[in-house]
Each structure stands twice: as structure tokens, then as C-alpha cells.
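S.K.: This structure is in C-alpha cells; I'll ask about it shortly.
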Amino acid sequence: MNRAEKAALQLQSVAVLRMLKETRTYDELAELTGLPAGDLNRYVNGHVLPGTERAREVVEGVGREALAAELRARVEFDDEGYVDNSAIVFDQSFLDLVAPAAANALGFERPDVVLTAATDGITLGAAMASYFDARVAYAKKSKETAVEEFIESRQRLASGIELTYYLPRRALSGGENVLIVDDLIRSGETQELLLDIAMQAEANVSGVFALIAVGDEGIDRARELTDAPVGALTTFDDD
């Protein structure tokens, strides 16, 4: 880890601690993290940065668990099982904290491109791309007028509806590492189409990540299609 990466990790850990401090006293934060309350006070108030190992423990351990808990508190389901995650996907500062926690916990290989689906996946894709210093690309359900060549992936769903995604062909190149992300994975159909787009581009999939998994079907489906790491920040029962 070079100096810039160490500094980024330290700043990410401070951002996580500040988020946790919003709803906790320093004593409660100390109990949660196992760190002294006096040290936490200095970190949160910007007087000093935590050491590298302590920063990693915050981001990879407490940070991921706390972010998952915060995400669960913000997500709402209606009577028909539809998910309202607007309190997450519209909060870029929260998503910026998710990126390092997810990357470190799931061990994704550093991507050249983060690929997602429009529209709700775009803010998460931007956060992950910023963390990895990668490009972000997003597939859409319609073709852009000025683009001549597309990679197209199509699938007929169990409901009989045909789902198609288009990605400008120049957005991906053969041999590039691609991380596929989305805000939600339930059946895995969208992720399968994104994986197909990556395969058509002859790119290498470095991982598949979603903020929320509803049930295990989508995660299992993605794992059948790639050997790369597949995971979600948190999972809800599909009932």
C-alpha cells in the first residue's frame, strides 16, 4: 500500500466513525469499535488520523457491519414486496462509504471499468468507480441516438416481458477488468444481462456486487455465471 492509499484508508475510516458518531456517544462508539473514547474523539474531530491497521479494522470490520445496519434502517418494503431504497441511492456520501467497505470485505480485483444498469445503479457505480479510480459505464434499456454501435443483451422473463439492455460498444474493451454493481439483486436477471455484456466485450469480470440482496436466488444465479467474487452489503428474506 503506497502513501496515497494509506491516506485514503485513514480518511475513509474517519468518515465511517463520523457517521457512527451521529447517533452515539463516544462511550457507545468505544464499546462498538473497541477503541478508546479519547482516541475516537480525536479522530472524529480531525485532530489526528488513526494508524493504518486501526483504520483498516474500522473500514473492513465495524464499518461494513454499521453500514449494513444503516442501510437496513433506511430501506422500506411495501405490501407487495417492492423495495424503496431511495434513501440510499440518493445519498452519495453514504455510497462513498460503502465502496471501500465492500471492496475490502469481498476482495474484488481492481477494475478498469465499473459496469451498472441505469438508473438506480448509477450513483453506486460512480462511488465504486471513484474509489477504484476506474471508469464507470451503464447499460440502458434504450439506445442513445448519436451512438452507432452497441453491445446488446436480451432476455425473456418468466412473466413474458422481454428485457433488453444496450451499452455503447466503445464503453468496454477486450481484456479490461469489469466490476458489475447494482443497487438491488433479487432474481439476478439484470446481473445476468450485465455479465453477458461483459462476456460479449471479451472483458474479465472481477466481481459482482449489490447493495441489497432480496433472497438468495439472484446471488446464486450470479455465482453460477462467474468465478469472480459475488456479494451484497446486506440481505433481506424474500417473503
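S.K.: Which of the peptides 110-123, 24-37 is most tightly packed, and how do the rest follow, judged by the mean count of other Cβ atoms within 10 Å per residue? Intermediate values should be presented prior to the final figure.
M.R.: Numbers: 110-123: 21.3, 24-37: 14.9.
The packing order, highest mean first, is 110-123, 24-37.
S.K.: So what's the gap between the Cα centers of segment 12-26 and segment 29-70, to the nearest angstrom?
M.R.: When both Cα centres are located, 7 Å separates them.
S.K.: Something else now. Mind checking the per residue accessible area of segment 112-239 for me, 1.4 Å probe, whole number of Å²? The partial results should precede the final answer.
M.R.: Details: 6050 Å² over 128 residues.
So segment 112-239 comes to 47 Å² accessible per residue, rounded to a whole number.
S.K.: Can I ask one more? I'd like the carbon and sulfur percentage of the solvent accessible area for segment 136-239, probe radius 1.4 Å, heavy atoms only, ligands and nucleic acids excluded.
M.R.: Working: 2100 of 5190 Å².
Roughly 40 percent, rounded to a whole number.
S.K.: What accessible area per residue, rounded to a whole number of Å², is obtained for segment 22-106 using a probe radius of 1.4 Å? Could you put the intermediate results ahead of the total?
M.R.: Numbers: 4580 Å² over 85 residues.
That works out to 54 Å² for each residue.
S.K.: Among (i) 58, 45, 32; (ii) 59, 53, 36; (iii) 105, 33, 28, only one was calculated for this model; which label is it, if the read-out is Cα extents along the principal axes in Å?
M.R.: Among (i) 58, 45, 32; (ii) 59, 53, 36; (iii) 105, 33, 28, the one calculated here is (i).
S.K.: Place a +1 charge on the Cβ of each Lys and Arg in segment 160-239 and a -1 charge on the Cβ of each Asp and Glu, then give the dipole magnitude about the Cα centre in debye, rounded to the nearest 20.
M.R.: Computed about the Cα centre, the dipole is about 460 debye.
S.K.: Residue 91 to residue 163: extension gain in nm, 0.36 nm per residue of separation minus the Cα-Cα distance?
M.R.: Working: separation 72, 0.36 × 72 = 25.92 nm, distance 2.78 nm.
This chain segment gains 23.1 nm when fully extended.
S.K.: If you average the sequence gap of Cα pairs under 8 Å that are 6 or more apart and divide by the length of segment 112-175, what percent do you get for the contact order? Mind dumping the intermediate values first?
M.R.: On the way: 89 pairs, mean separation 18.6, N = 64.
Here the relative contact order equals 29 percent.
The values are calculated or read from the model by the stated rules, or taken from the named source; none is laboratory data. Because the structure is predicted, anything quoted here is derived from the model rather than measured. Positions of Cβ are generated from backbone atoms using ideal geometry, with glycine treated the same way; all protein chains shown enter the neighbour counts. Surface areas here come from the heavy atoms of the whole protein model, side chains and all, with no ligands, DNA or RNA. Shrake-Rupley method; radii C 1.70, N 1.55, O 1.52, S 1.80 Å.
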